[in-house]
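Asker: One structure is given below, represented as structure tokens, and several questions about it will come after.
Every read-out reported here was derived from the displayed coordinates using simple, explicitly stated rules and does not represent laboratory data. Owing to the predicted nature of the structure, the values given are computational and were not obtained by experimental measurement. Backbone-built Cβ (ideal geometry, glycine too); neighbour counts: all protein chains shown.
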Amino acid sequence: MKKFLAIFIACVAILGLAYLVARYYLPIYGVQTPMSQTGYARTQVSLGGARYDALVSDTEALRARGLSGRPHLEDGQAMLFIFPNEGDWGFWMKDMLFPIDMIWIDNDLRVVTVKANAQPSSYPDVFYPTAPARYVLEISAGDAAKFDIGPGGKVTF
């Protein structure tokens with residue numbers, strides 16, 4: 001009976017370790033689950049003539065993870081960070097593998113600040129909006145210029 005229990009515990013430990021590796025470490029090395037299969041809520045975001053399929057980061061844990069460790073964003077994909085209230089929410093490029101454009105959006109769904117082409121090498125610099133914002137949209141680097149996204153622009157989701 002002791003031998004059976006020891007084998008059972010070892011199997012559970014191995015399965016748990018395999019789960020942790022698959023969940024947290026493989027994305028860092030470029031093995032990625034498609035954005036549509038991550039368990040995030042999703043929404044459509046439109047601004048500046050562009051439309052994005054956005055993953056919603058609306059909890060502390062999801063906001064902390066963000067796009068860290070992902071190898072890239074596909075065309076038309078984004079991440080929308082939702083905060084409980086407007087504020088000077090700072091963003092950095094910790095564990096990012098590709099450049100992005102960051103767009104801060106206020107309660108009235110107007111763009112307040114755009115940080116274009118934020119580079120992974122900028123870490124530990126923190127980027128802040130020029131006015132309080134409630135939402136931050138992360139899109140592929142260059143999209144803000146390509147779609148003429150700037151302060152004052154209207155956003156819908």
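Asker: For region 35-156, rounded, prolate or oblate, judged on the Cα gyration tensor with a ≥ b ≥ c (square roots of eigenvalues), a/c < 1.5 rounded, else prolate if a/b > b/c?
Answerer: Rounded is the answer for region 35-156, as its axis ratio a/c remains below 1.5.
Asker: Also: Which lysines does Lys146 reach when only Cα atoms under 29 Å apart count, and residues fewer than 8 places away in its own chain are ignored?
Answerer: Hits, sequence-local ones excluded: Lys94, Lys115, Lys154.
Asker: Let me ask something else about it. Between beta-carbons, use under 9 Å as the cut-off and find the net charge around Ala131, counting Lys and Arg +1, Asp and Glu -1.
Answerer: -3
Asker: Within 9 Å, Cβ to Cβ, of Ser68, how many net charges do the neighbouring residues add up to if Lys/Arg are +1 and Asp/Glu are -1?
Answerer: Once positives and negatives cancel, what remains is +2.
Asker: Counting only other residues whose beta carbon sits under 15 Å from that of Asp108, what net charge do I get with K and R as +1, D and E as -1?
Answerer: +1
Asker: Out of all Cα-Cα pairs in region 83-150, roughly what percent, to the nearest whole number, are more than 14 Å apart?
Answerer: Every Cα pair in region 83-150 considered, those over 14 Å come to 53 percent.
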